[in-house]
Amino acid sequence: MRYYNKGRVTIMKKCSSCRQLLSYAVVSLLSISGTLFMMSYKTELNISSYQSDNTVDRFSLSYRAFAQTSSNNTQRTLTVNSKEIKQPNSTSKLIIHNKPPTHTEVIIASKTPSKPYLSEQEMRYRAAKIRERCLPRRKDSQRITTNQYIATKVGLHKVSYAYYPIAKCGWTTWVYVMFANAGKPEQPASEKFKWGWGSPYGDAKMDKISRISDTQRYKERLLFVRNPWDRLVSAYKNKAVEGPYSLWLHRPCKWLKEDMPTLTFQQFTQCIVDRVTRVQDLSSQTAARLLDIHWTPQYWSALPCETNYTLVGHFDHIGEDMGAAIQILQINATLKHKNKSQTKQEETLAYWYNQLSHNIKVSLQKIYQLDFEIFGFNSTIPG
């Protein structure tokens, strides 16, 4: 009986050891299973609308995943280090494969081309940035201006909007859009009605308004702007080289006569600078009033710090931005670029501005200072 009891105790001890071994084996299997699971781990990450200045379609993703198995918890951590992701108005699916080494490159699986330009998001973002840059200048909001906006007539358009036209920023093209929407896509510019302020906007079911406060009752407020360096070259080619505008109106050079040869770019810009040299602040409204509308600073034309624009297009993306505006405003028109200046392949901005003296370039930089500052264009002198 004693032997039996002793044997029983021995058996019980052995069984106890078996239980421990079995427990250790289960824990080990769970740990190995967790490790194998994480090695073949696939994560699907949905990224919805996120806005940013820059667009990326490939970015580095630092992946760290581990499993710690115990009687209480299992922990898995996924760390994503990416600077900027931009896929507005869409959901892109990222499939992440964990392969050693743990630094993995992820490609956005999307039907959109690499680095897509998303016009509406960019236009609204520019408008928001302009409002931000204008905050220190709010004290100017009470000044009087004679500038006019072109706005939809009440009840005659699907989406109400006010548009401010700036010369050499797609104005003529948008005029054709407005008339096309009214069923008159090719209404010619007759002697009585010239494109510009003289256009019969009433035929396009549009009105002219002067008061800035009146623009706030429209759902959208539209503006197109252009890099000042590029706009000035376009004005020179269109008004001084390709057409008789400068000769007829003696602008910007008062001494111009019809029998004179075509102005050089150096002469053209020198006359612009000479017109405002007597003004102490070349970027002021006083200086701007002395210049022709085709090369007046856009800031003093459009008054962006007083007009709460909601859509701001760039001439660099004139096709995409006008196309987006047509969709947003539900306009029935096909976009056609009108009044386009002829450009030779070798005629870069550096080609033109290398012809100018240093003093002229610095003066032009000061004249268009607010265009660079408020609209966010690069003020660096080309060349």
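The values are calculated or read from the model by the stated rules, or taken from the named source; none is laboratory data. Because the structure is a prediction, the values reported are computed rather than measured. Methodologically, a virtual Cβ is constructed for each residue, glycine included, from the backbone with ideal geometry; neighbour enumeration extends over all protein chains shown. Side chains are part of the model used for accessible areas, which takes the heavy atoms of the whole protein and leaves out ligands, DNA and RNA. Shrake-Rupley method; radii C 1.70, N 1.55, O 1.52, S 1.80 Å.
Observations
- Being on the phi < 0 side of the Ramachandran plot, in a helix (DSSP H, G or I) and in contact (Cβ under 8 Å) with a residue 40 or more places away in the chain holds for only one residue in ARG231, ARG221, and it is ARG231.
- Search result, residues across the stretch 105-146 that are in contact with a strand residue (DSSP E or B) (Cβ under 8 Å, 6 or more places away or on another chain), open to solvent by less than 30 Å² (accessible area, probe 1.4 Å) and either assigned to a strand (DSSP E or B) or at pLDDT below 85 (or both): VAL106, ILE108
- LYS361 being part of a helix (DSSP H, G or I), closer than 26 Å to GLU132 by Cβ, more than 22 Å from the chain's Cα centre (by Cα) and modelled with pLDDT of 95 or more: no
- Which numbered condition TRP171 fails, given (1) under 23 Å from CYS305 (Cβ atoms); (2) touching a Ser or Thr at 6+ places or on another chain (Cβ under 8 Å); (3) modelled with pLDDT of 90 or more: (2)
- Residues located in the stretch 298-323, provided they are closer than 12 Å to GLU122 by Cβ and surrounded by fewer than 20 Cβ atoms within 10 Å (Cβ to Cβ): ASP316, HIS317, GLU320
- Restricting the stretch 347-358 to residues that are under 27 Å from the mean Cα position of the chain (by Cα) and not aromatic (Phe, Trp, Tyr) leaves a set whose member that is modelled with the lowest pLDDT is GLU347.
- Selection from the stretch 154-188 of residues that are part of a loop (DSSP other than H, G, I, E, B) and closer than 13 Å to PHE224 by Cβ: PRO165, ILE166, ALA167, LYS168, CYS169, GLY170
- Verdict on ARG289 being surrounded by fewer than 18 Cβ atoms within 10 Å (Cβ to Cβ), over 23 Å from the mean Cα position of the chain (by Cα), basic (Lys, Arg) and closer than 21 Å to PRO165 by Cβ: yes
- Spans of helices (runs of 4 or more DSSP H) in the stretch 239-350 with at least 1 residues in contact with a strand residue (DSSP E or B) (Cβ under 7 Å, 6 or more places away or on another chain): 298-302, 318-328
- A Cβ distance below 8 Å, combined with a sequence gap of six or more or placement on separate chains, defines the contacts here; from the stretch 238-264, residues that are under 19 Å from THR172 (Cα atoms) reach residues that are hydroxyl-bearing (Ser, Thr, Tyr) and assigned to a loop (DSSP other than H, G, I, E, B) in the pairs ASN238/SER341; ALA240/THR262; VAL241/THR262; GLU242/SER341.
- Scope the stretch 368-382; condition open to solvent by 40 Å² or more (accessible area, probe 1.4 Å) and either within 15 Å of the chain's Cα centre (by Cα) or without any contact (Cβ under 8 Å) to a residue 24 or more places away in the chain (or both); matching residues: GLY376, ASN378, SER379, THR380
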